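The values are calculated or read from the model by the stated rules, or taken from the named source; none is laboratory data. Predicted model only: the values in this text are computed from it and were never measured. All Cβ positions, even for glycine, are placed from backbone atoms using ideal geometry, and neighbour counts span all protein chains on display.
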Amino acid sequence: MSNQDEIMAPLNADVVIENVRIVGSTARSAKVWPVLENACVAWRNGQFIFVGPSADAPTFTAKQVIDGQNQWLTPGLIDCHTHLVYGGSRADEFELLQMGERYEDIARAGGGIKKTVAATRALDEQTLFDSARKRLLPLMREGVTSVEIKSGYGLSIESELKMLRVIRRLNDELPVTVSATCLAAHALPLEYAGRADDYLDMIINELLPLVKAENLADSVDVFCESIAFSAEQATRLFAAATALGFKVKGHVEQLSNSQGTEVVCNFLGLSADHVEYVTETQVQRMATSGVTAVILPGAFYFLKETQKPPIDLFRQHQVPMAIATDLNPGSSPLGSILMAANFGCVLFGFTPYEAFNAVTKNAARALGFENQKGRIALGYDADCLLWSFDHPRQAIHEINLHQPVQSWHLGKERDLI
Ligand code: DI6
Ligand code: FE
C-alpha cells in the first residue's frame, strides 16, 4: 500500500464523538480558558486515536458515533488524595465539638484517629469494601474516573493489608482507576505508644515487603508532623520504600513546619500534600524536584484553620497545584471533588481555570499519570465526561448542581445509577 492509500483509509474506532467543545491543555494564562470549538474525538481500545477540529478529522469506521450537540467534553476528574476506606463514623465527635468540647479531650478519651482505627480493625473485608464503595460512588457520579486511596486506619500488618486489599478490589470491581497508597505511618497505634521507631521498623521490615509481594500499593505516604512522625523518621521510611520500588509522597507542613517537604524533595516524591506552612525555600525545592503541591481545602475548612497554603508562591515558582478532597472520617468528610475545587477558589484564591486543572491534569501528575490521564489528547486514556453546562466554570462555581450526562472510563461508558 502506498502512503497515499494509508492516509485515505478509514480509521477504525470504537467510539467517535462529533461536535463537542473541549478545554485545551495549553493556556496563555491562568485566567483564559483555551477552547477547541467544533471538535471531534475518537478512541480505540480505551485510548484516544484522534482529538482535533472536526474539519481535520479523518474518515472513521466506528462501532458507535455520538453527536455531542455542541456540549462540553472534559477529561475525567481525578481525586488524588483520599482516605475513603474506613470503619465507623465520627459525626458524634463533630456534634460534641459543635457543643463546645475540646478536640484534645475527645482525642484523649479514645476519639479521633484512634476511634477510626478501632472501628476499621473490627470490620471484615467485605463490610469494609461495601462501606468504601458507597463513598466512592458519589465521587464517580460527579465525574471522578481516577482516585487515590490510602490505607492508614489499620496500623497493624493484618489490618493495613486488609485495607489495601479493599482498595485494590475497588479498582478491580468498579469502573474507576484507583491508585493505592500505603499510609501505615499515619499515626502511632496504641500498642506502640512511646515506641515510634519500633513501629517504623515493623513497617519497614515486615509490612512493606508483604505489600510489595502482593502488589497492594503503588506509593508510600507518611504523616510528617509534630503529633505524628518526624522528618528523620520519614527519611528512614522513604529510603526503605524507594528501595522496594514504591513511589513516595507526604502529608507535610499541615499544622506546623516539620520539614517534611525537604524529605519528599530529597526522594523526588510525587507530591507534597497540605503544605499550609511551607516556606518559599521549600517551594523552590519543590519546583526543582518536580514535586506537585496537593492542596486540601476540605481539611482547612473542617478544622477551621487560618494558615492558607501560599498559592502565590506556587504560581511564582511554577509548582503545579492539584486539589483533592482528602475524604476521611475526621478532618475532611468531603465527598465532592467539585466542591473541593470550589473551596480552592473561595478559600485560597484559585481561579476557576486553575481549579479545573487542579482536578484534572495536575492531579494526574500528582499520581504519576501525567502521560496517561487528565487530558483529552492523542494516546491518553479515554476517560472523559460529557456535560450540559454552558461552560466548565459553572461546575466549579455552582455547588452540587452539575453531573456529567455521560461518562467513560478507559473508553467504556459508565452506568453509575
Ligand atoms: N491529616 C489529616 O488531616 C488527617 N490525616 C492526616 O494525616 C486526619 C485524619 C482523621 O482525622 O481521621
Ligand atoms: Fe490526608
Residue in the stretch 318-336 that is at pLDDT 95 or above, under 25 Å from SER29 (Cα atoms) and of a type in the set (Asp, Glu) present: no
Number of positions in the stretch 77-103 that are out of contact with any strand residue (DSSP E or B) (no Cβ under 7 Å at 6 or more places or on another chain) and more than 15 Å from ligand 1 (Cβ to nearest atom): 6
Verdict on ARG141 being more than 16 Å from ligand 2 (Cβ to nearest atom), at pLDDT 95 or above and in contact with a helix residue (DSSP H, G or I) (Cβ under 8 Å, 6 or more places away or on another chain): no
Only one of ALA358, ALA272, ALA293, ALA363 that is touching a residue at least 24 places away in the same chain (Cβ under 8 Å), buried (at least 24 other Cβ atoms within 10 Å of the Cβ) and within 16 Å of ligand 1 (Cβ to nearest atom): ALA293
Among (1) within 16 Å of ligand 1 (Cβ to nearest atom); (2) crowded, with 18+ Cβ neighbours inside 10 Å; (3) of a type in the set (Gly, Ala, Ser) - the single one SER226 does not satisfy: (2)
Whichever residue in the stretch 300-317 is away from ligand 1 (no atom under 13 Å from the Cβ) and either among the basic types (Lys, Arg) or modelled with pLDDT under 95 (or both) and, among such residues, is surrounded by the most Cβ atoms within 10 Å (Cβ to Cβ): ARG315
Tally, over the stretch 335-355, of residues that are among the aliphatic types (A, V, I, L, M) and crowded, with 22+ Cβ neighbours inside 10 Å: 5
Residue in the stretch 90-98 that is within 15 Å of ligand 2 (Cβ to nearest atom) and either over 30 Å from ALA377 (Cα atoms) or surrounded by fewer than 20 Cβ atoms within 10 Å (Cβ to Cβ) (or both) present: yes
GLU206, sole failed condition from (1) farther than 30 Å from ASP381 by Cα; (2) surrounded by 18 or more Cβ atoms within 10 Å (Cβ to Cβ); (3) at pLDDT 95 or above: (2)
Some residue of the stretch 303-323 being in contact with a Cys (Cβ under 9 Å, 6 or more places away or on another chain) and among the hydrophobic types (A, V, I, L, M, F, W, C): yes
